[in-house]
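Notes for the one structure printed next.
Values in this text are rule-based calculations from the coordinates and carry no lab data. This structure is a prediction, so every number in the text was calculated from the model and none was measured. Quick reminder, even Gly has a Cβ in these numbers, built from the backbone with ideal geometry, and neighbours come from all protein chains shown.
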Amino acid sequence: MRIAIVDESTARASVIREGLASLDDCEIFAVTERRGLVARIEEIAPDIILMDLGNPSRDVLEEYFAVSRALARPIAMFVDESDDEAIAASIDAGVSAYVVDGLAAHRIRPLIDVAVRRFNAFARLQSDLAEARGRLAGRETIDRAKRILMDGRGLTEPQAYTEIRKAAMDQGRRIAEIAEAIVTAHKLMGGKPVGET
Amino acid sequence: MAEELTIGFLPLVDACLPILAREHGFAEEEGVSLRLVRDVSWATVLDRLLYGQSDAAHLVAPLAIATTLGRGRPAQPLSVPFVLGLNGNAITLRPDIARRVGAGSGLGEPAAVGAALAEVARERRAAGRPLRFGVVHRYSSHNYMLRYWLAACGIQPDRDVEFATVPPPFCADALETGEVDGICVGEPWNSVAVGRGVGQIVLATAQVWRRGVEKVLALREPVLDEKRDAVERLIRAMCRAGRHFVDPANCEANAAILARADYLDGDPVLIRRAISDRLLLSRGGEIVHYPDFMFQYREAANFPWVSQAAWLYTQMVRWDGMAFDLVDAEKAARVFRPDVYRSALIGTGEPLPGASSKVEGSLRQKTAVGTQQGTMILESNRFFDGKVFDPADIAGYIAACG
């Protein structure tokens, strides 16, 4: 079975490719370039195309399928209404599939399951990464806020941190928010940039 | 607790009414809470609608009809109780071709531009490199207006010129690389191409068919029945958003909202220009004011005229090479639901047209038409070639289109 993964994110495409590699009897092609998409698909002549729902080129590909003179013309998997659960899972995961008409359902299903799992895993990875970045950014801001208090009020570092934490507790806000407010206020008051160490 | 409706949209200026209904609190005041889901292809907006991830969608009008008729997918009946806007697209050509068709400091005259373009199309076809136009979707008013104009100017679509589907964000790229010679797209995407110096705006689609239907609010028919009360609240909220949107005093604030990352994620300057009917036609040129470039509210613009759905059906027959079918024509016409619009707005003071259909293209000047409350003035709604579409004779109109 020939599978094309169309995804402008090379990272995600390789995560999916890796997952599908465990399936028997599959030849996998990743298409990460937007330009020349239709020509590339024509060349690959895939039995199945996996494409993320957030790809603007879905309209381009669907138009190609509509006018394609190829005998094996792929159709959106979603039009197979037999399996609402699978459809919901793939929309939730953000993946669409186009399948050459006539391909046996029992061959498609395991493949879609893997794709959905891999899309979800990638999304989790992304959100973990974003969270880690957020934590890191918060840490930097807190360091800057501490520096402002240390310079401005002659506090030690532990004292500065205690002040910030106390303000956060009093106001029911997060420590990073208080730190952000201190840094912004400092900037507005014409203070020198701090903490760019 | 206000009932929640989820609405899918594409980042285009004419997604403004649901966005503003939410942002200005009109929806909450009407007792409905809106969740907006942005996508980047019509295919995905439609998938979400058909598989229940959204209740309603900002949709290119012909796609609502194509879906109902089962073009390309199994048929699923959609309903359109509200039109999100009329016109608002432009035709942008590569600068060298724009010069050949006499593009100057203002918008062109459709017949003259078309006649000059026919010459270029002939040359290019003879040279084995036919002109190619990018449209956003096969089932879009962009495609139909562009083809209507070309055909009426003696340029036979699909024979003399080719078409490609180009997603709006890639239009400027497609012009730059020469993948297409012209595009028909909504704002701010023409302006983006102009700003990059890869295109020049030659016509507004309002010049091809003035007051032509553009985007609609579409729902699955069973969802409309099930959530009828919430949908009527949404309609009232969007009418208020429309009134707010067309007031020039609110232009800047509305542009700033639309430009936000959650919505269009675009340049507020370009968005403000588009929503105030102003266009920069070519890089380094003067900004031109073309009144009613976009048409979101006045003259009961949001009323789903059944005759407009019928016109879209005629173009589907024409360009999809379908046979005219009376049952299909009726199904297509029934997609537009003036009854829901009226029941939502009765008693609000919004003009409610007495008729559900009109002869499209028949008004050459301001004309008073009957509403349930009295009369309302409609301005010209003409097609540039002067033809009229009488929904009582769909078959005759299609035959005359050739």
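Counting Cβ atoms of other protein chains within 10 Å of each residue's Cβ and taking the mean over peptide B:31-44 gives 4. Among the residues of A:43-53, the average count of other protein chain beta-carbon atoms within 10 Å of the residue beta-carbon is 1. The percentage of C-alpha pairs in chain B whose separation is greater than 34 Å is 24%. Only aspartates and glutamates eight or more places from A:Lys192 in sequence, or on another chain, were considered; those with a Cα closer than 13 Å are A:Asp151. Rounded to the nearest 5, the antiparallel percentage of DSSP beta bridges internal to chain A is 45%.
When trypsin sites (Lys or Arg not before Pro) are flagged only if DSSP places them in a loop and at most 13 other Cβ atoms lie within 10 Å, the longest unflagged stretch of chain B comes out as B:1-158.
Taken over the protein assembly as shown, the ratio of Cα radius of gyration to 2.2 N^0.38 Å equals 1.06. Counting only DSSP beta bridges whose two residues both lie in the protein assembly as shown, roughly 60 percent are antiparallel. For B:Glu3, the residues whose modelled amide H falls within less than 5 Å of its own, excluding neighbours fewer than 5 places apart on the same chain, are B:Ser33. Here is the list for the stretch B:302-347: chymotrypsin sites (Phe, Trp or Tyr not before Pro) lying in DSSP coil, each with at most 16 other C-beta atoms within 10 angstrom of its C-beta, are B:Phe324. Counting only DSSP beta bridges with both residues in the stretch B:89-210, the antiparallel share comes to about 55 percent. Close amide H pairs (under 5 Å, H built 1.01 Å from N) link B:Leu36 with B:Ile7, residues at least 5 positions away or on another chain. Amide H contacts of A:Ile5 (H built 1.01 Å from N, in plane; Pro and chain starts excluded): A:Phe29, A:Ala30, A:Val31, A:Leu50 sit under 5 Å, all sequence-distant by 5 or more or on other chains.
Using θ = phi - 60° in the Karplus curve 6.51 cos²θ - 1.76 cosθ + 1.60, the 3J(HN,Hα) couplings for the stretch B:350-359 round to 5, x, 10, x, x, 8, 9, 9, 9, 7 Hz; x is entered for Gly and Pro. Here the residues A:Ile148, B:Ile97, ranked from fewest to most Cβ neighbours within 10 Å of their Cβ, fall in the order B:Ile97, A:Ile148. Of interest is the spacing of the C-alpha centroids, which for the stretch B:185-215 and the stretch B:79-94 amounts to 10 Å. Exposed loop positions in chain A were taken to be GluC sites (Glu not before Pro) whose DSSP state is not H, G, I, E or B and which have at most 11 other beta-carbon atoms within 10 angstrom. Between these positions, the longest stretch is A:82-195.
Counting beta carbons within 10 Å around each of B:Met145, B:Met316 and listing the fewest first gives the order B:Met316, B:Met145. Rounded to the nearest 20, the Cβ-based charge dipole of the protein assembly as shown about its Cα centre (Lys and Arg +1, Asp and Glu -1) stands at 1280 debye.
For a test of the definition: using alpha carbon positions, the gyration tensor, and the 1.5 limit on a/c, classify the stretch A:2-128 as rounded, prolate or oblate. Rounded is the answer for the stretch A:2-128, as its axis ratio a/c remains below 1.5. The phi torsions of the stretch A:186-191, fed into the Karplus equation with coefficients 6.51, -1.76 and 1.60 and a -60° offset, translate into couplings of 4, 4, 5, 7, x, x Hz, rounded to whole numbers, with Gly and Pro shown as x. Sequentially through the stretch B:293-303, phi angles give Karplus couplings (6.51, -1.76, 1.60; θ = phi - 60°) of 4, 10, 9, 10, 8, 4, 6, 6, 4, 8, 6 Hz, Gly and Pro residues having no value and appearing as x. By the rule of a C-alpha distance below 18 Å, with chain neighbours fewer than 8 residues away ignored, no lysines are paired with B:Lys227. The mean number of partner chain beta-carbon atoms within 10 angstrom of a residue's beta-carbon across peptide B:50-60 is 2. Looking at the square roots a ≥ b ≥ c of the eigenvalues of the Cα gyration tensor of the stretch B:54-191, which shape do they give, rounded for a/c under 1.5, prolate if a/b is larger than b/c, or oblate? Since a/c reaches 1.5 and a/b is larger than b/c, the shape of the stretch B:54-191 is classed as prolate.
Counting neighbouring beta carbons within 10 Å and listing from fewest to most, the residues B:Tyr144, A:Tyr98 come out as A:Tyr98, B:Tyr144. Other residues with beta-carbon under 15 Å from the beta-carbon of B:Ala2 carry, at +1 per Lys or Arg and -1 per Asp or Glu, a net charge of -3.
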